[in-house]
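Trainee: Dropping a structure here in structure tokens format, bear with me for questions.
The values are calculated or read from the model by the stated rules, or taken from the named source; none is laboratory data. As the structure is a computational prediction, the values presented were derived from the model and not from experiment. Glycine gets a Cβ as well: all are built from the backbone with ideal geometry, and neighbour counts include every protein chain shown. Just the protein is used for accessible areas: all its heavy atoms, side chains included, with ligands, DNA and RNA removed. Shrake-Rupley method; radii C 1.70, N 1.55, O 1.52, S 1.80 Å.
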Amino acid sequence: MPNKSVIENYLKKVNLENLLEKLEASNTNIILKNIEYFTEKEAEKRDKILLNYFGEEGLKRIIDTIIDHLLSSPKLRADAKILDVGAGTGYFTIKIANRLHQHFPQASFYAMDITPTMLSILAEKADYIIPFLGVAENIASSIRFARRYVEVPDKFDAIFSTLMLHHCINVERVFKSIKDVLKNNGKAVIVDLCEHSFKEFREEMGDIHLGFNPSSIEKLAKPFFKDVYVKRIAGISCSCSGRSADLFIAYLIP
Ligand SMILES: C[S@@+](CC[C@H](N)C(=O)[O-])C[C@H]1O[C@@H](n2cnc3c(N)ncnc32)[C@H](O)[C@@H]1O
């Protein structure tokens, strides 16, 4: 495991504008504005925000649903390498890593995000999860740049992502990017918001997309994956000040 101060220095030191340029991120200004939003408005209280959105029971159901998919066939290797894309402060990363460690004690866990403060908080909470900076639209190059500071593999046995996709400008590129860093017998699980009508979420929460229709997710993912299953998660919704959106889960096999 990398030394704590090495991680802290890495997350503080990286010049985000340079990194985004090197990662050929499109709409750098929008991403930088999003990073500012997450740093100032969410990082310190992300876990509480999640509790307000879903309640204990809802969060548990999201975690159980992701775990069920990660444990389903094809079976993970004992020493599986597992990545959370857009991990934020790691609420889901940590719970999922702890549960999977019970089945796969030798598994290793990685958390990628573009907001350094979110990852600093994750690193404070769990030194067994390796954080690195990068964009979901170009994970392969993100890994190459991160390797100057931390050890990250080229490919993963499993990838998951929660509530990140609607912040990404180019969703199609995200699916391609996930496929590029998944092993051939790997799997990916994505949980995000279904379509909703709350336009104010763009200003209030830095959202780019007002959720997704599950069938549009299926269409966007299909060119990159052999099997794509997308469905609404019954009985859970993301509720905020009386406004509520359903969630979908997408299960992707390359
Ligand atoms: C709503 S938070 C979700 C965090 C965490 N997955 C959770 O469920 O609590 C969205 C996260 O995605 C990150 N993010 C937004 N756009 C991104 C991108 N293009 N690439 C990587 N991370 C991104 C943000 O920095 C933020 O930490």
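Trainee: Might you let me know whether the range 6-26 holds any residue that is farther than 26 Å from residue 157 by Cβ, among the polar types (S, T, N, Q) and within 15 Å of the ligand (Cβ to nearest atom)?
Mentor: Scanning the range 6-26, I find at least one residue that is farther than 26 Å from residue 157 by Cβ, among the polar types (S, T, N, Q) and within 15 Å of the ligand (Cβ to nearest atom), so the answer is yes.
Trainee: Separate question: Being in contact (Cβ under 8 Å) with a residue 12 or more places away in the chain, touching a helix residue (DSSP H, G or I) at 6+ places or on another chain (Cβ under 6 Å) and assigned to a helix (DSSP H, G or I), is that true of even one residue in the range 74-92?
Mentor: Looking through the range 74-92, at least one residue is in contact (Cβ under 8 Å) with a residue 12 or more places away in the chain, touching a helix residue (DSSP H, G or I) at 6+ places or on another chain (Cβ under 6 Å) and assigned to a helix (DSSP H, G or I).
Trainee: May I pose another question? Does residue 62 satisfy the criteria of being open to solvent by less than 10 Å² (accessible area, probe 1.4 Å), in a helix (DSSP H, G or I) and without any contact (Cβ under 8 Å) to a residue 60 or more places away in the chain?
Mentor: Against the criterion (open to solvent by less than 10 Å² (accessible area, probe 1.4 Å), in a helix (DSSP H, G or I) and without any contact (Cβ under 8 Å) to a residue 60 or more places away in the chain), residue 62 does not qualify.
Trainee: I'd like to verify a number: residues in the range 240-254 that are in a strand (DSSP E or B) and open to solvent by 50 Å² or more (accessible area, probe 1.4 Å), how many?
Mentor: Counting residues in the range 240-254 that are in a strand (DSSP E or B) and open to solvent by 50 Å² or more (accessible area, probe 1.4 Å) gives 2.
Trainee: Applying the selection to the range 164-183, what residues are modelled with pLDDT of 95 or more, among the β-branched types (Val, Ile, Thr) and within 9 Å of the ligand (Cβ to nearest atom)?
Mentor: 174
Trainee: List every residue pair whose Cβ atoms lie under 8 Å apart, where the two residues are 6 or more positions apart in sequence or sit on different chains, the first residue falls within the range 211-236 and is in contact (Cβ under 8 Å) with a residue 24 or more places away in the chain and open to solvent by 90 Å² or more (accessible area, probe 1.4 Å), and the second residue, located anywhere, is of a type in the set (Phe, Trp, Tyr) and in a strand (DSSP E or B).
Mentor: Listed pairs, sorted by first residue: 232/248.
Trainee: Restrict the check to the range 98-117 and report whether at least one residue is under 28 Å from residue 243 (Cα atoms), open to solvent by 20 Å² or more (accessible area, probe 1.4 Å) and either charged (D, E, K, R) or under 14 Å from the mean Cα position of the chain (by Cα) (or both).
Mentor: Looking through the range 98-117, at least one residue is under 28 Å from residue 243 (Cα atoms), open to solvent by 20 Å² or more (accessible area, probe 1.4 Å) and either charged (D, E, K, R) or under 14 Å from the mean Cα position of the chain (by Cα) (or both).
Quick grid of which residues meet (1) of a type in the set (Asp, Glu); (2) away from the ligand (no atom under 11 Å from the Cβ); (3) modelled with pLDDT under 95:
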{"residue": "133", "(1), (2), (3)": "no, no, no"}
{"residue": "137", "(1), (2), (3)": "yes, no, no"}
{"residue": "154", "(1), (2), (3)": "yes, yes, no"}
{"residue": "161", "(1), (2), (3)": "no, no, no"}
{"residue": "186", "(1), (2), (3)": "no, yes, no"}
{"residue": "193", "(1), (2), (3)": "no, no, no"}
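Trainee: Confirm whether residue 73 is of a type in the set (Gly, Ala, Ser), over 23 Å from residue 249 (Cβ atoms) and open to solvent by 10 Å² or more (accessible area, probe 1.4 Å).
Mentor: Here the answer is no, as residue 73 does not meet what is asked.
Trainee: Filter the range 1-55 down to the residues that are among the small types (Gly, Ala, Ser) and either touching a strand residue (DSSP E or B) at 6+ places or on another chain (Cβ under 8 Å) or under 24 Å from residue 128 (Cβ atoms) (or both) and list them by number.
Mentor: Within the range 1-55, 5, 43 meet the criteria.
Trainee: Are there strands (runs of 3 or more DSSP E) fully within the range 96-189 with at least 1 residues that are among the hydroxyl-bearing types (Ser, Thr, Tyr)? List them.
Mentor: Those strands (runs of 3 or more DSSP E) span 108-113, 156-162.
Trainee: Please specify each residue of the range 200-239 satisfying the condition of being in contact with a strand residue (DSSP E or B) (Cβ under 6 Å, 6 or more places away or on another chain) and assigned to a strand (DSSP E or B).
Mentor: Of everything in the range 200-239, those that are in contact with a strand residue (DSSP E or B) (Cβ under 6 Å, 6 or more places away or on another chain) and assigned to a strand (DSSP E or B) turn out to be 227, 228, 229, 230, 232, 233, 236, 237, 238.
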